Amino acid sequence: MNAAVPQSGSAVPSGALVPDPVLEIRRLGKSFGGLQVTRDISLTLNAGERLGLIGPNGAGKTTLINLITGVLMPDTGTVYLNAVNLNGLSQPQRVKRGLARTFQITQLAPKITTLLQVEMAIHERNGSIGNLWRSVDAYPEVREEAMGILEMLRIESLAQRPPITLAYGEQRLVEIALAIALRPRVLLLDEPMAGVPEPERHIVLNALDRLPPELAILMIEHDMDLIFNFAHRIIVLAEGALLADGAPKQIRNHPAVRIAYLGLGSDPDQPMIAAELDPH
Amino acid sequence: MKITHRWLRNAAISTLALMTSVALMAPDRAQAQVKVGIIAPFSGPFAHYGALFKAGAEAYLASQGGKLAGQSVEMIYRDEGGPNPAKARTTAQELVVNDKVDYIGGVVFSPNAFALAPVITESKTPFVIFNAATSDITTKSDYYLRTSYTLWQVTVPMAQHAAKKGLKKVVTAVMDYAPGVDAENAFKSEFTKQGGQVIESIRMPLATNDFAPFAQRIKASGAQAVYVFLPGGPPNLGFVKAYQENGLRQAGIEFLGTAETDEFDLQKFGDSALGLTTAFHYSAAHDSPANKAFAAAVAKQNKDAVTNYATVGAWDGMYLIHKMIEATGGKRDGDKAMAAAKTQKWDSPRGPVAMDPATRHITQNVYLRVVEKGPGNLLVNKEVQSFGQHGDHGLGK
Amino acid sequence: MTLLANILIDGIAYGMVLFIISVGLSVTLGLMRFVNLAHGAFAMTGGYLASWFIRAQDWPFAFGAVGAVVLTGLLGMAIEALVLRRLYRMPELQQVLFTIGLSFLFVASANLLAGPEVQLIPLPPWLKDPIDLGIRTLPAQRLLVVLTGLLVMMISVLIMKYSRFGIWLRATVDNTQAASALGIPVEWVYALTFGAGAALAGLGGILGAELLPLEPYYPIKYLVLVLVVVAVGGMGSVAGSMLAALVLGTIDTASKYLASDWGSLFYFLVMALLLAWRPQGLLSPGRT
Amino acid sequence: MRIRVAPYLLIGLVGATIYFFFPAQLPLASRIATLAIFVMSLDLIVGHGGLATLGHSALYGTGAYTAGLLALHSSSNPLLGLLAGGAAGATVAALSGLFVLRYQGLTFLMLTIAVGQIIQNLASKFRAWTGGDDGLSGFTTGKILGLATFDLQGRVAFLYCTGVLLICLWMMRRLMGSTFGLACIGIHQNRLRMAALGTEIQPKLLTLYCLSGWFAGIAGALSAQVNQIVGLDTLGFELSAEALVMLVLGGAGSLFGAIAGTALFTTIHHVASNIDPYHWLFVIGAMLVCGVLIPRERWGVLMRARA
């Protein structure tokens, strides 16, 4: 697919040292009716990079995710994945090119066991999902791989349980497992902590630590503790436009961000008070 | 996906149900000498046919003292439902194989009657059709007999009458299904032969609720009369209502019908039906001792039942079965029974009738009738003229 | 020209009959999101009651009709309170099965109580005669249906838009829990709305009886007809139902004038195209 | 392995019991077997794909007419008839699916009704080919596997229908046990999730609809061959609605449930209408109403209490 593209990922980065842009967004714009919800956003995500995306409710975070994943089509601008223009490609086509996501509210097939769902993701990746005749049970290598992913996330004990029997935090992990099974280049995590009760938080945190290092991750989160610890770089969205882009430290000290979003004074020495900030 | 206990339970339940059904249906009836299976709609929108068939057949049996030709007779009724040939065939098969019936009677719908051909041919079971009116059914097996009518049979004399009356331009308006098309063809071919002209042929969809557009089309066509065929029930009421409400009568467009003023629906028309003319083989108002006896016998059997073409079809059908039992002495012998039935001639409540040995269809008088007020202020189909004996004109067309 | 006028007159008159028999369903299915396939059963109940009042009890037409409508509404409320409210949370398929089963029970009961034949509702003299429209005549009964249809639409739109009950209903349908927390008597709102839907169904059964004769199989026979109107019109939009009924009525009438030997092919073709064009219905409120 | 063979054995056992001990019920059992294939095909799209349809008889009827026309004009080979019926059903499914599968819920339901009605109207219009309301008849069915023709007792027909039922069941179970089947169930349960996995939903559903049409067509062809007549009712709304009732009665999503539901519904219909045809609707009506009001789990309790 990307053979025709000159700069695409031949150079395998170790960590985030060598910039290897896998996801590039150029001047993206989208409006609903007369309301401009995304204005001229450009950003780059490198292999192995952990990018945080924050902003108040209504800042256009979800719209941005929808534009990247192909749920919505932009009015202006372009999304590149491995230097391939994604405009006009459907959501499944983008997934096939290496773009995976999780949902703010978990989306799982409620009655299919965890293991089978992961297997399904692997079959989807392999292209064996359309096989009409061969039984699901006749792919030992897929089952093994699926089990391996569950083990990596330490949820192998959930293998035979369907999501309706799982705790919410566990369902998050299943979503992450599905995303990993797709072997994406880019993973979009849409508020992975949303709705996760306090006692289950560490499960998700541990899982995030175990994500493959070469994966590029874009995470939206309201949980400031989490995002400032997790991200290498943070971008701030406000009213549909990019407000700031920089390392966590820079963002914490960015005057405009402190006022507009973090709700703090412009003095960088003043400590952050709240872990979860939401002006609305 | 995984097989659970559910299917086991489901399967067990269904098996159980099957067995129970078998147990329920195990024959524990007193052994009669002759068995007659009647297939008719006892459920669904056409259930009144079943009721009338049953009333007619039971009335005939009772009029003979409960025995036919000295043989005790068991009547077995099976539901036809609606037009569903697959089910009709299964039903006939069960009647022949399980219940071991000697004769089959009934059947309202032509496709169902067609479906029985292989069963009756193979088992040599005489089957008397009480209603189903498509002409060529009787050609599909040698074991068909029919005591009802065909559209050709009653339409041809109607077309001749229209021509004789001096009508030149006529519109046909029929329901768009097989008997309707039969009726349209019959009228067109005979009326044209007589020098008339069918200026428009309207086929009305079976699902029609609103007949006003058709009434307007008839009115606009400039015809002197409209020849109509509709199946019994609600469409009849709808069409006659539209005929009145859209001023066709005032415009002098004559109504030439067949089964529309059937006694089952007649009283519901109210005064709007007065003066409608139809050509048909049976009127409840037919003045003869046989018809009076028939009406009395039916009333004794079921006080709600009317005497109409369905009731008389069943009554005469039972007469044929009676004669076949007589000829075979109650033994099962389809060929001997058919030989006897084919040459029968008798005095039916509708008038003198005879079986045509070639077509095994009934030859009968066709009458011109006009709807009038009769005794008790009830509407009747008054026979004003007899067109004489007619067989089925529809075969070979 | 006359042909066009004829198509329009008959089409609108027929469309109004379609509207009047489906408007009740547009309330129960459209507004309450309850897949009420027993709609025809309530329509039949209204018709049978009216027929009984007017024919057997010799009530005047208007009395009999109003009495039947009110009784049908009460019956609807009773059934809603006793059973149907347990079904709101069930999957649609379960609602389908239950209401079809209910329809079967109504069919069998009607057959048992009144026999298989058509039940007539005798019209008073003022509805019997055709009225001259200038270019042609139209039965007075049909004019009554047209007027009643317009009236029903106006009243329901007014109630939905401006009355407190309308606000309650919309709140309840949107979010029952929140509405309940706000002190809205949601159980009563549901029961009354369903009752209103049943009463409207009964009204349709009575006024539509001239074209859709009352017989035991009524609930099943005309089910598809009314479902089509509501689906094409848009969920919960009474005005949409009217628009759909008029469009479909006109199409059906036009096909009878111009292409009657194709059966109801064009009716369903147009329905499919309309649905494909506007899957949520011609007029669907609260959706952009 | 044991659990895989068990269902076929059970059906075989029931079949053998009917064949040897209740020969009187053979015609009824053949009809159940034919309908069961149809209801199973409906289960593919309703139970597995999650799309409620009321136009499934369009696929069944097309299969039936195709098999009938084939037997009438060219070959009375039953196997060829089944294949032709299946192909016709799949073709109609493919053509209509391209259109109707874009929609969901009530819109999809209404569109399937429309497609069914349109096809039925066409069949009625072209009566020169289809026989219109009189039905398509006059064709015969050749020897089954070159061995036997249908007998009056319905033995051969029963064995034939049961055989086709078992083969169809086996095929459908394989299909639904495949990765494709898994994906369809996934689409049923959560379309968002499947799209996020990269599943192209429409093509999957179209394939499923075609498979469903294939089996529905086979069922129709089987009915045509056994009854040697095809009526317009095979394309009718009533058949679609009844099949849906049978399916949900047995439990949508389970092919065995489909068979059990068909057997239960058809048998009760048969028994009830033989006892008193007038009131059979009371029975089915009460059955549906109670079936919904009393949750499945409680049926077991009730049954045990009675035993």
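The values are calculated or read from the model by the stated rules, or taken from the named source; none is laboratory data. Everything numeric in this text was worked out from a predicted model, so none of it was measured. In this analysis, Cβ positions are derived from the backbone assuming ideal geometry, glycine residues included, and neighbour counts consider all displayed protein chains.
Hey, does the range D:19-32 have a residue that's at negative phi, surrounded by 24 or more Cβ atoms within 10 Å (Cβ to Cβ), in contact with a helix residue (DSSP H, G or I) (Cβ under 9 Å, 6 or more places away or on another chain) and away from chain B (no Cβ under 14 Å)?
Within the range D:19-32 (the criterion being at negative phi, surrounded by 24 or more Cβ atoms within 10 Å (Cβ to Cβ), in contact with a helix residue (DSSP H, G or I) (Cβ under 9 Å, 6 or more places away or on another chain) and away from chain B (no Cβ under 14 Å)), the answer is no, since none of the residues qualifies.
Away from chain D (no Cβ under 12 Å) and either at positive phi or assigned to a helix (DSSP H, G or I) (or both): does that describe C:Gly101?
Criteria not met by C:Gly101.
Among (1) closer than 30 Å to D:Asp151 by Cβ; (2) within 14 Å of chain C (Cβ to nearest Cβ), where does D:Asn227 come up short?
(2)
Would you check if there is a residue in the range D:164-183 being more than 21 Å from the chain's Cα centre (by Cα), at the interface with another protein chain (Cβ under 8 Å from one of its Cβ atoms) and assigned to a loop (DSSP other than H, G, I, E, B)?
No, because not a single residue in the range D:164-183 is more than 21 Å from the chain's Cα centre (by Cα), at the interface with another protein chain (Cβ under 8 Å from one of its Cβ atoms) and assigned to a loop (DSSP other than H, G, I, E, B).
Among the residues of the range A:57-70, what is the count of those that are assigned to a loop (DSSP other than H, G, I, E, B) and out of contact with any helix residue (DSSP H, G or I) (no Cβ under 6 Å at 6 or more places or on another chain)? Don't jump to the end; show me each part of the working.
First, pick out the residues of the range A:57-70 that are assigned to a loop (DSSP other than H, G, I, E, B): A:57-60, A:70.
If we keep only those that are out of contact with any helix residue (DSSP H, G or I) (no Cβ under 6 Å at 6 or more places or on another chain) too, we end up with A:57-60.
Counting residues in the range A:57-70 that are assigned to a loop (DSSP other than H, G, I, E, B) and out of contact with any helix residue (DSSP H, G or I) (no Cβ under 6 Å at 6 or more places or on another chain) gives 4.
When you scan the range C:107-156, how many residues do you find that are part of a helix (DSSP H, G or I), under 29 Å from C:Ala5 (Cβ atoms) and either touching a residue at least 40 places away in the same chain (Cβ under 8 Å) or within 21 Å of the chain's Cα centre (by Cα) (or both)?
So the count comes out to 16.
Going by what's in this entry, would B:Thr278 be described as more than 14 Å from chain C (Cβ to nearest Cβ) and surrounded by 24 or more Cβ atoms within 10 Å (Cβ to Cβ)?
Answer is no for this residue.
Restricting attention to the range D:121-135, does a residue exist that is within 14 Å of chain B (Cβ to nearest Cβ), modelled with pLDDT under 95 and under 13 Å from D:Ala221 (Cβ atoms)?
No, the range D:121-135 contains no residue that is within 14 Å of chain B (Cβ to nearest Cβ), modelled with pLDDT under 95 and under 13 Å from D:Ala221 (Cβ atoms).
Do you know which residues across the range A:187-242 are within 16 Å of the chain's Cα centre (by Cα), free of Cβ contacts under 8 Å to residues at least 40 places away in the same chain and within 14 Å of A:Gln104 (Cβ to Cβ)?
Passing the criteria: A:Met193, A:Val204.
So, in the range C:46-77, how many residues would count as being of a type in the set (A, V, I, L, M) and either surrounded by fewer than 15 Cβ atoms within 10 Å (Cβ to Cβ) or within 14 Å of chain D (Cβ to nearest Cβ) (or both)?
3
For the range D:55-95, name all the residues that are surrounded by fewer than 24 Cβ atoms within 10 Å (Cβ to Cβ) and closer than 26 Å to D:Asn190 by Cα.
Scanning the range D:55-95 gives D:Ala94, D:Leu95.
Being within 14 Å of D:Leu79 (Cα to Cα) and either part of a helix (DSSP H, G or I) or in contact with a strand residue (DSSP E or B) (Cβ under 6 Å, 6 or more places away or on another chain) (or both) is the filter here; which residues of the range D:118-158 pass it? Give the steps one after another, and end with the answer.
Within the range D:118-158, the subset within 14 Å of D:Leu79 (Cα to Cα) is D:140-149, D:157.
Matches in the range D:118-158: D:Ala157 only.
Keeping to the range B:51-87, report how many residues are at the interface with chain D (Cβ under 10 Å from one of its Cβ atoms), aromatic (Phe, Trp, Tyr) and buried (at least 23 other Cβ atoms within 10 Å of the Cβ).
Qualifying residue count, the range B:51-87: 0.
Only one of these conditions is not met by D:Ala64: (1) within 11 Å of chain B (Cβ to nearest Cβ); (2) closer than 23 Å to D:Ala272 by Cβ. Which number is it?
Every condition holds for D:Ala64 apart from (2).
Looking at the range A:83-97, is at least one residue more than 7 Å from chain D (Cβ to nearest Cβ), touching a residue at least 40 places away in the same chain (Cβ under 8 Å), outside any loop (DSSP other than H, G, I, E, B) and out of contact with any strand residue (DSSP E or B) (no Cβ under 8 Å at 6 or more places or on another chain)?
yes
Starting from the range A:23-41, keep only residues that are over 18 Å from A:Ala59 (Cβ atoms), then list their pairs with residues that are among the hydrophobic types (A, V, I, L, M, F, W, C) and assigned to a loop (DSSP other than H, G, I, E, B) whose Cβ atoms are within a distance under 9 Å, requiring at least 6 positions of separation or different chains.
Note: pairs meeting the criteria are A:Glu24/A:Ala83.
Can you tell me which residues in the range B:218-231 are surrounded by fewer than 20 Cβ atoms within 10 Å (Cβ to Cβ) and not in a loop (DSSP other than H, G, I, E, B)?
Matches in the range B:218-231: B:Ala220 only.
Quick check on this structure: which one of A:Leu115, A:Leu53 is in a helix (DSSP H, G or I), at pLDDT 90 or above, buried (at least 16 other Cβ atoms within 10 Å of the Cβ) and touching a Lys or Arg at 6+ places or on another chain (Cβ under 8 Å)?
A:Leu115
Test C:Val96 against the stated conditions and say whether it is within 9 Å of another protein chain (Cβ to nearest Cβ), of a type outside the set (D, E, K, R) and either assigned to a helix (DSSP H, G or I) or under 13 Å from C:His39 (Cα atoms) (or both).
The answer is yes for C:Val96.
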